[in-house]
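J.: Quick one: the structure is below, questions incoming.
The values are calculated or read from the model by the stated rules, or taken from the named source; none is laboratory data. Quick caveat: nothing in here was measured; it's all calculated off a predicted structure. Positions of Cβ are generated from backbone atoms using ideal geometry, with glycine treated the same way; all protein chains shown enter the neighbour counts.
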Amino acid sequence: MAAKPQGGDRRSQHLEAQAAFIVKLRLDRPTLTLSELRALLAERGIATSESGLSRFFRRHAVTHKKTRSTPPSSSGRT
């Protein structure tokens with residue numbers, strides 16, 4: 001009797017099946033946080049975690065550039 005495999009990745013195939021939708025959603029709504037994206041996926045019946053989404057984006061080379069929440073000062077640095 002052979003031993004069964006242990007550990008490893010068991011959920012990424014669910015995200016990979018929705019890869020086009022996830023990447024399009026991220027590109028259409030760049031300010032979407034990982035928790036908001038996770039909630040949207042949960043509505044579609046896709047269970048995942050924020051860290052799972054982070055690994056997904058790393059695999060697909062999708063980066064998120066943070067933006068300033070306020071515009072720069074017109075008077076310059078003080």
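J.: Considering only the stretch 7-17, I want to know if a residue exists there that is at pLDDT 90 or above, of a type in the set (A, V, I, L, M) and within 13 Å of the chain's Cα centre (by Cα). Steps first, please.
T.: From the stretch 7-17, those at pLDDT 90 or above are 16-17; that's our starting set.
Those still in the list that are of a type in the set (A, V, I, L, M) too: 17.
Okay, now just the ones that are also within 13 Å of the chain's Cα centre (by Cα), so none.
There is no residue in the stretch 7-17 that is at pLDDT 90 or above, of a type in the set (A, V, I, L, M) and within 13 Å of the chain's Cα centre (by Cα).
J.: Being in a loop (DSSP other than H, G, I, E, B), out of contact with any helix residue (DSSP H, G or I) (no Cβ under 7 Å at 6 or more places or on another chain) and within 22 Å of Thr63 (Cβ to Cβ) is the filter here, so list the residues in the stretch 19-48 that pass it.
T.: Arg29, Pro30, Thr31, Thr33
J.: Kindly indicate whether Arg38 is modelled with pLDDT of 90 or more, within 12 Å of the chain's Cα centre (by Cα) and surrounded by 10 or more Cβ atoms within 10 Å (Cβ to Cβ). Before you say what the answer is, go through the steps one by one.
T.: Numbers: modelled with pLDDT of 90 or more: yes; within 12 Å of the chain's Cα centre (by Cα): yes; surrounded by 10 or more Cβ atoms within 10 Å (Cβ to Cβ): yes.
Judged against the criteria, Arg38 is a match.
J.: Among the numbered criteria (1) among the basic types (Lys, Arg); (2) out of contact with any Gly (no Cβ under 9 Å at 6 or more places or on another chain); (3) at pLDDT below 90; (4) surrounded by 10 or more Cβ atoms within 10 Å (Cβ to Cβ), which single criterion is violated by Lys4?
T.: (4)
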